[in-house]
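The values are calculated or read from the model by the stated rules, or taken from the named source; none is laboratory data. Everything numeric in this text was worked out from a predicted model, so none of it was measured. Cβ placement follows ideal geometry from the backbone for every residue including glycine, while neighbour counts extend to all protein chains displayed. Just the protein is used for accessible areas: all its heavy atoms, side chains included, with ligands, DNA and RNA removed. Shrake-Rupley method; radii C 1.70, N 1.55, O 1.52, S 1.80 Å.
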Amino acid sequence: MKSQRTRSQEKIFHLLKSLNRAISAQELYAELYQRQEYLGLATVYRALDALKLEGSVQVRTLSSGESLYSLIQQDQHHLTCIHCGQSIAFTECPVHDLEDKLEQSHGFKVYFHTLEFFGLCDRCQPDESNSTPKMENE
Ligand SMILES: [Zn+2]
Ligand SMILES: [Zn+2]
């Protein structure tokens, strides 16, 4: 059962839908401003919170502490470097079949999933050719 949305929640919901990408609250605020929708930043945050609780919006927090908001219908897949914090999104879904199987075996309606792999990006990996092997007995 959905509670009534406020007008600002509706505006933000439709903007997220038309943008079709993850966006920070600050960016959303700027986008709204460009469209002559002068909502305060606090209102934007409140509306995003309400949409999140309603199950319409998902939040992903980057290692920089920035939160990105998007509508829940998109699956998210990322490779995240634990060293520099960069996040690489990829679109191919390795678990689509699993999702179908889970829906059938558990009678569960899956709305979305997130998949995040952690490790080192190519720039942060130690250069194998340069590393000198340590001597065990010296
Ligand atoms: Zn890195
Ligand atoms: Zn997927």
Starting at the first residue of the stretch 81-90, write each ³J(HN,Hα) from the Karplus equation 6.51 cos²θ - 1.76 cosθ + 1.60 with θ = phi - 60°, in whole Hz, x for Gly and Pro.
7, 6, 8, 9, x, 6, 10, 10, 7, 10
Describe numerically, in nm with one decimal, the distance between label points set 7 Å from Cα along Cα→Cβ at Glu37 and at Tyr111.
2.0 nm
Candidate cut points under GluC sites (Glu not before Pro) in the stretch 28-73, DSSP loop plus at most 16 other Cβ atoms within 10 Å of their own Cβ, are Glu37, Glu66
How many lysine pairs does the chain hold where the Cα atoms are under 23 Å apart and the two sit 8 or more places apart or on different chains?
9
For Ala30 paired with Gln104, estimate the spin-label separation in nm (one decimal), with each label point 7 Å from Cα along the Cα-to-Cβ line.
4.7 nm
On full extension of the chain, what length is gained from Asp97 through Arg21, given 0.36 nm per residue of separation minus the C-alpha to C-alpha distance?
25.0 nm
Going by alpha carbons, how many degrees (0 to 90, nearest 10) lie between the helix axis of 96-106 and the longest principal axis of the chain?
70 degrees
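In the chain, carbon and sulfur make up what percent of the accessible area (probe 1.4 Å)? Write down the numbers at each step before the final one.
Working: 5250 of 10240 Å².
Of all accessible area on the chain, carbon and sulfur atoms account for 51 percent.
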Helix 41-54: inclination vs the chain longest Cα principal axis, degrees, rounded to 10, gives 80 degrees
Using +1 on the beta carbon of Lys and Arg, -1 on that of Asp and Glu, and nothing else charged, what's the dipole of the stretch 1-73 about the Cα centre, debye to 20?
220 debye
